[in-house]
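Everything below concerns the one structure shown next.
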Amino acid sequence: MAVAVLAALGIPASGIAASVAATATATAAATAAATATAAAATAATAAATVATVATVPAGETVPPLDLAGLAATLASLTPEQWAALPPELREELQAILGPAWVWGATVRLSAEWRDNVLLSPVSSTARALGRAQLESYLWRRPAGAWEWLGFLNGDVARLVERLPELAGEQEWFGHLEGRWTPRPGWKAVVTAQAYFQDQVLDLSATETERFVARMRVKGGRAGADLTVPLRGAWAWVAGGRAHRSDYVEFAEDFTEGEGSAALRWRVQRGEERSLETTLGWTERRRTHPDRNQYTAGGRPLPGTRLRFRIEEARLETKVVRGAWSGGVVLTTLLNRDLASGYFDYAERGVRLTLERATPRWRVTAEAGGTQSRYDVQTVGIGFDPPLRRRDYRELCLRVERVLNPRWTLFADAGEERSRENEAGGTYRARMLALGVARVWEPSSP
């Protein structure tokens, strides 16, 4: 069994034995120099890992290698310390750890049906669509205290029978991330993101006054987060971000600054049991350079600039137990327009997730919703019109059948519903989809 595992890793058993022996000799001879001392300690760790596999008798199960620990140990070496290791051992370790850059991608193709493709509040239009989705990543294994990660996601849909207003829609999202881990538990993360969205919405208030608008928006975000370990299973996370969003057809452009802080508690029992709870606070300051402030009665004030302060509290719990995992997210948000209060509202939200994953099947269910209540805005006419309110609900279910490491079949079903006492804000949309996913991973070429 050991020989088969080593062959799969591309490591000849004889080479390991020779490498272990060479490491012991090199370690004894290098204790006089500081660089060689560090190399010897690392060589001992590496040799122990390699020897664990090499000494397993034929027919017995090979214990799992701690590749993450080995990678972290090797990443802490300076170039001089790495050069002090025996050449044979360096070759064996490179074969175990693999290449410095790792990439992967998943492409999903699906046939989809929607009963309200424009999310229209007055006239639902059903259509069949073809959809292609991309999820890709590129990861740089840890080098010293640094680690790099990037991914690109895309979602493109086209109607089988196009509408006068709509032929399809698309979304793209890119993310770059650098992680610095100077010591266990401490972590600093810098991020940069870019996105683009192109879709068409029916904003009509009545059947006779139709208003269908194309909405294209592009933007970017950049920020950083710092994680500081506290006592026991506790950690403190703080961060900040800058955000800019540009709307092509509408005067909704904005710039935004964000600050956040969170307290996190996490416990883990092995690889299949964990519990994590995070309590966080986020504050955003948003400025719309092309929009005016409003009076409490709803009249624009020329020469002014609309600004918002958005405060959000978030409580999130994630649990993993074997094949089961789930989560609960509770949010409360306050939006203030820093003027008359015409756009002020309070929002509460909840999202539930539940997943069951086995080697062949994966079932994921999600449900969520928000409830928004405005402080000043009213709807309708009369002496005492009601305040504006909006309720939103969303349900989705995905079932996946894993055929092999490369191919997966999936089926999706979902519904979203918006109810608002303001004209044009109420709609319902349902969808069904069947598709196939192809995975490209280092382990499944």
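The values are calculated or read from the model by the stated rules, or taken from the named source; none is laboratory data. Not measured: the values here are computed from a predicted model. Quick reminder, even Gly has a Cβ in these numbers, built from the backbone with ideal geometry, and neighbours come from all protein chains shown. With ligands, DNA and RNA removed, areas are computed over all heavy atoms of the protein, side chains included. Shrake-Rupley method; radii C 1.70, N 1.55, O 1.52, S 1.80 Å.
See the values below:
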| quantity | calculated |
| --- | --- |
| Nitroxide proxy distance, nm - points 7 Å out along Cα→Cβ at R336 and A365 | 4.0 |
| Theoretical gain in end-to-end length, H175 to A413 [0.36 nm per residue, Cα-Cα removed] | 82.9 nm |
| Mean Cβ count within 10 Å, highest first, over the residues of peptides 345-353, 378-386, 246-254 | 345-353, 246-254, 378-386 |
| Cβ-derived FRET efficiency at R0 30 Å, R269 paired with N404, nearest 0.05 | 0.45 |
| Contour minus Cα-Cα distance for F383 and D155 (0.36 nm per residue) | 77.3 nm |
| For region 297-445: accessible area per residue (Å², 1.4 Å) | 59 |
| For A100, net neighbour charge (Lys/Arg +1, Asp/Glu -1) across residues whose Cβ lies under 14 Å away | +2 |
| D_trans [Stokes-Einstein, Kirkwood Rh over alpha-carbon pairs] for region 95-192, 20 °C, 1.002 mPa s, µm² s⁻¹ | 128 |
| Relative contact order of region 315-445, pairs being alpha-carbon contacts under 8 Å that are 6 or more residues apart, as % | 16 |
| Residue-wise HN-Hα coupling along region 183-197, computed from phi with Karplus coefficients 6.51, -1.76, 1.60 (Hz; x: Gly, Pro) | 7, x, x, 8, 7, 10, 10, 10, 9, 9, 9, 9, 8, 8, 9 |
| Contact order relative to length of region 256-359, as percent, for alpha carbon pairs under 8 angstrom and 6 or more apart | 23 |
| Peptides ranked, highest mean first, by Cβ atoms within 10 Å: ranges 356-363, 325-332 | 325-332, 356-363 |
| Accessible area of region 348-422 belonging to carbon and sulfur atoms, whole % at 1.4 Å probe | 56 |
| Options G424, L403, V379, ranked by Cα towards positive dipole end of region 368-428, top entry (Cβ charges) | L403 |
| Whole-Å distance, taken between Cα centres, linking region 389-445 and region 182-201 | 23 |
| Extension gain from K218 to V436, taking 0.36 nm per residue of separation minus the Cα-Cα distance | 75.6 nm |
| Separation of the V329 and W103 label points, Cα + 7 Å toward Cβ, nm | 3.0 |
| Cα gyration tensor, region 187-321 - rounded (a/c under 1.5), prolate or oblate | prolate |
| FRET efficiency estimate (nearest 0.05) - Cβ-Cβ, R373 to T295, R0 22 angstrom | 0.60 |
| Calculated FRET value between R351 and W82, using beta carbons and R₀ = 30 Å, to 0.05 | 0.05 |
| Highest to lowest packing among 140-148, 425-433, scored as the average C-beta count within 10 Å | 425-433, 140-148 |
